[in-house]
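Here's the structure we're looking at; comments come further down.
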Amino acid sequence: MGAVLLLVLLSGSSLAGKGYSILHDRVVVRSRAHWEGWTFPQGTLEIGEEGVRPKFVRKNVNACLDAGRFVHEVDKKQVDLFPGAWYDSKERKWFARGGIMRAGSNPEGAPAIMDGDPGTFWEPNLDDPVGNWWIEVDLGRLVCATKIVLKFAEQGDPFLQFKVFTSTGERAFELSSAMNYVLAGQTKGPNKTKKVFEFELSPTEASDENWVGRAVQYIRIVVTDSDGKRAELVTEQEYRSLPPGWRGAVDYIWKVAGEERVVTKEEYEDLPPEQRGGIRYYRRERPRLAELEVWTLGENVALDILKRGGSASDPNKMAVPAYAFDGLLTTWWKAAAYREVGYGAGWGLLTVDLGSKFWIDTICYVLKRGKYTEKGVLNGYCTRVSDGSRAPDGSLIWERISPKSREIIWDDMWRLADRFEPRKVRYLEFRNLDILEKRPRTYTPLIYAGNVGELQLYGEGYVPEVVLTSPIIELGGPKNLTSIDW
């Protein structure tokens, strides 16, 4: 890992500025405020009071913890599903921020399940019907999730029975605003003791052998049953010692004809002694979900390409390659099958500048199902990467990382992945191929295009190199610089 510092010096009258201080015979850059005044690719540095260092990109990340960092576009037909959505008049689009999307009960307490603190929790309003005990989470971007974990509070009860669903954000039906949710896990019977549930995720679409997990952006948790006021049978003394909110039902039992019936207190007191079956005291159920964890392959470094000063281009001006990196499956890059001659020549060749170098070992391709006669699948492709090294003629030196077998894909698949040894990557080139000419020779390129919803890049390690550029440093007059220390 490393950092390259570029100093821009200018003789002038000012003795201090944003990004530095001048102390006697020295130019000093050492505080957080100083470093934040320099320019560098966004998200590649960690800045503290002690200085700066390249960011460490991680694998196996809980996507709930930073969901609020992501803002995404909302389908205008689904705006009602996002109570916190807002309209940007300049962009003429609706947007929402990741986090709690909706809750059928106690929405104020819902954010506690995403704060990483096991001591906080979401508890549905006990006076609400169980049918309202549900919660929806927006991760802020599409992730490749491998596991969902629910952790219930130590001081409380787990949900007696519940189900967990996931969604990519796609609509259930073309004319519907509802999202298409798919079951991810559920209880297999009433549960009163287990406090941690883990649900391994498998793909919901046809996928290749390298794909792991499930494409997910939204999670819906639905409580399906509760013991309500009869969570646990306790003694009268234990009942009296409970806080008022924990006291449940008190049942007066009438024993008659070999049966037991619950009656009112007044009716019980009127019964003859031999028909009094006793009084039963219960602790009330306090269902409390402390944490929701959505474990993913890692940090997808492709998400912030444009913010880092990178780019994504396709010679086809009608296509929007940036849609393959916006974290949404409701938008997509229409990748025409590459051809070298004829109408659409050169289309379907995606060239990407990540804006900085990263260690990469996995590339995931999430495809969007097409409509009507448009499948949206890839019939083949070739992916190459470069660390920015140049050949003698100045061109980039490319390395192919997709296997030769990827040039022809025989089966329709909507989830693909390439895995390889970690390497430094700054540039990526993706070429959509149709060697077998499954599409008609006379086709209109965009009608039979592959719909690349997301192209995700994963790896682990410190950002290999970061270039920081100072603001103009005004020395207040001609100076001789004799040394630079760090």
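The values are calculated or read from the model by the stated rules, or taken from the named source; none is laboratory data. Source: prediction; values computed, not measured. Because the Cβ atoms are built from the backbone with ideal geometry, glycine has one as well, and the counts that use them run over all protein chains shown.
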(message) Residue under question is Pro203, and the condition is that it be surrounded by fewer than 16 Cβ atoms within 10 Å (Cβ to Cβ) and more than 17 Å from Trp133 (Cβ to Cβ); does it hold?
(response) no
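For segment 399-424, enumerate the residues that are in a loop (DSSP other than H, G, I, E, B) and among the polar types (S, T, N, Q). Can you show your working first?
Filtering segment 399-424 for residues in a loop (DSSP other than H, G, I, E, B) gives 401-403, 408-414.
Selection gives Ser402 alone.
Among the residues of segment 74-86, are any assigned to a strand (DSSP E or B), more than 30 Å from Ser21 (Cβ to Cβ) and either in the same structural domain as Pro111 (by TED's automatic domain parsing) or touching a residue at least 12 places away in the same chain (Cβ under 8 Å) (or both)?
yes
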(message) Being surrounded by 12 or more Cβ atoms within 10 Å (Cβ to Cβ), of a type in the set (Lys, Arg) and touching a Gly at 6+ places or on another chain (Cβ under 6 Å) is the requirement here; does Lys59 meet it?
(response) yes
(request) Being buried (at least 21 other Cβ atoms within 10 Å of the Cβ) and hydroxyl-bearing (Ser, Thr, Tyr) narrows it down to one of Tyr338, Tyr281, so name that one. (result) Tyr338
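Of these, Arg171, Arg214, which one is among the basic types (Lys, Arg), in the same structural domain as Gly98 (by TED's automatic domain parsing) and modelled with pLDDT of 95 or more?
Details: Arg171 fails: modelled with pLDDT of 95 or more.
Residue meeting the stated conditions: Arg214.
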(request) Identify all residues within segment 322-351 that are over 27 Å from the mean Cα position of the chain (by Cα) and hydrophobic (A, V, I, L, M, F, W, C); write none if there are none. (result) Ala336, Ala337, Val341, Ala345, Trp347, Leu349
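Quick one: is Leu5 modelled with pLDDT of 85 or more and surrounded by fewer than 16 Cβ atoms within 10 Å (Cβ to Cβ)?
no
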(request) Considering only segment 235-258, state which residues are under 22 Å from Asp127 (Cα atoms) and either among the hydroxyl-bearing types (Ser, Thr, Tyr) or assigned by TED's automatic domain parsing to the domain that holds Trp133 (or both). (result) Tyr239
(request) Quick one: in segment 238-259, of everything that is under 52 Å from the mean Cα position of the chain (by Cα) and among the aromatic types (Phe, Trp, Tyr), which residue is farthest from Pro287 (Cα to Cα)? (result) Tyr252
(request) Scan segment 340-374 for residues that are part of a strand (DSSP E or B) and of a type outside the set (Ser, Thr, Tyr) and report the count. (result) 15
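Out of the strands (runs of 3 or more DSSP E) lying entirely within segment 223-301, which hold 1 or more residues that are hydrophobic (A, V, I, L, M, F, W, C) and within 30 Å of Leu183 (Cβ to Cβ)? Reasoning before the result, please.
Working: elements: 232-234, 247-256, 259-263, 276-283, 289-298.
Strands (runs of 3 or more DSSP E) meeting the threshold: 289-298.
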(request) Among residues belonging to segment 304-335 that are farther than 20 Å from Gly380 by Cα and charged (D, E, K, R), point out the one that is surrounded by the fewest Cβ atoms within 10 Å (Cβ to Cβ). (result) Lys317
(message) Within segment 400-411, take every residue that is of a type outside the set (A, V, I, L, M) and surrounded by 15 or more Cβ atoms within 10 Å (Cβ to Cβ) and give me the one that is farthest from Lys424 (Cα to Cα).
(response) Glu407
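Given the condition surrounded by 14 or more Cβ atoms within 10 Å (Cβ to Cβ), under 24 Å from Asp138 (Cα atoms) and of a type in the set (A, V, I, L, M, F, W, C), answer yes or no: does some residue in segment 229-237 qualify?
No.
Name the single residue, out of those in segment 375-398 being part of a strand (DSSP E or B) and of a type in the set (Lys, Arg), that is surrounded by the fewest Cβ atoms within 10 Å (Cβ to Cβ).
Looking only at segment 375-398, we keep the residues that are part of a strand (DSSP E or B), and these are 381-386, 390, 396.
Those still in the list that are of a type in the set (Lys, Arg) too: 384, 390.
Numbers: Arg384: 17, Arg390: 10.
Only one residue fits best here, namely Arg390.
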(request) Look through segment 183-196, keep the residues that are crowded, with 16+ Cβ neighbours inside 10 Å and within 20 Å of the chain's Cα centre (by Cα), and return whichever of them is farthest from Lys368 (Cα to Cα). (result) Gly185
(request) Please indicate, with yes or no, whether at least one residue in segment 19-33 is closer than 18 Å to Glu299 by Cβ and either modelled with pLDDT of 85 or more or more than 21 Å from the chain's Cα centre (by Cα) (or both). (result) no
